[in-house]
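The values are calculated or read from the model by the stated rules, or taken from the named source; none is laboratory data. Quantities reported herein were computed from a predicted structural model and do not represent experimental measurements. For the accessible areas, the whole protein counts, side chains as well, though only heavy atoms, and no ligand, DNA or RNA atoms are used. Shrake-Rupley method; radii C 1.70, N 1.55, O 1.52, S 1.80 Å.
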Amino acid sequence: MLEIKNLHARIAEDGTEIIRGLNLTVQAGEVAAIMGPNGSGKSTLSYILAGRPDYEVTEGDILYNGESILEMDPAERAASGVFLAFQYPMEIPGVATMEFLKVAMNSQRKARGEEELKIPELLKRVKEAAGALNINMDMLKRPLNVGFSGGEKKRAEILQMKLLQPKLCVLDETDSGLDIDALKIVSDGVNALRSPDRAFLVITHYQRLLDHIVPDTVHVLYRGQIIKSGDKSLAMELEQNGYAGIIDEAA
Ligand code: ADP
Ligand code: MG
């Protein structure tokens, strides 16, 4: 489903290279965890997958279902099923969360040549998905993410994911800011979406999240490259020994 080949990317503004020859393959149905110390390039990778214009790809390619997405803008990528849950969700004053969800869902439907959802059907879907995440309707009346707690922001990201039903889900540090109950709710929400035709890239720097969302593969990202890959035992090893050993080994 996703094949990243020798990817090099830099910050558009000042030319600093952040991603330095990154290779990664993720199959449909797979949950791949990306781990790595702060500043490794994890969020940068997620932005580049989503198509954020602040970064330039200088070499390599990103294939999604066998086709390069480098020339696609963020809206085209989203319509084709790519979804990013942000590490730091943006606040959008003046746009009620419910309105945002409605526009997001209907924009995708439009891009796919489907009819807009009728209001009762939309409300039904949102209520159902929100209920499962312990999000009440009052929160959905508030402007998106404005004044939301860290945990509320993360739950709002997962709500969007549930409603949009993407095929390639990138979750950037979804566990940060969540207490243990919220972590359980969010993980259950993610696990319910696991399916043979969907893949997840779960970015985290703690092993904790991976007790709840058990990955098929674990990759360590350091200085813009994948320096080690393995199964979930690699995450356990990191939890016990930290990154130093693996970084030395790679060097
Ligand atoms: P991680 O998510 O693994 O903690 P990031 O992808 O956020 O790492 O950042 C990787 C490195 O790139 C960091 O040193 C960060 O400061 C730098 N960086 C990323 N994006 C920008 C940007 N737009 N402007 C300046 N520095 C950036
Ligand atoms: Mg990050």
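Values computed for the structure shown
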| read-out | value |
| --- | --- |
| Gain on full stretching of the segment that runs from Leu193 to Ser107 - 0.36 nm per residue minus C-alpha separation | 28.8 nm |
| Compactness of region 91-248 - radius of gyration and Dmax, Cα, Å | 17.6, 57 |
| Built amide H within the under 5 Å cut-off of Tyr55, gap 5+ | Ala12 |
| Between 0 and 90°, nearest 10: helix 150-164 axis offset from the chain longest Cα axis | 80 |
| Helix 180-193 axis, angle to the chain major axis (alpha carbon atoms, nearest 10°) | 90 |
| Region 8-21 - phi-based ³J(HN,Hα) in whole Hz, Karplus 6.51/-1.76/1.60, Gly and Pro as x | 10, 8, 10, 6, 4, 5, 10, x, 5, 7, 10, 9, 10, x |
| Heavy-atom accessible surface of the chain: percent carbon and sulfur, 1.4 Å | 50 |
| Accessible area (Å², per residue) of region 103-179, counting only protein heavy atoms and a probe of 1.4 Å | 47 |
| Between region 131-198 and region 53-116, the alpha-carbon center distance in angstrom | 17 |
| Principal-axis tilt of helix 232-241 within the chain, Cα atoms, nearest 10 degrees | 70 |
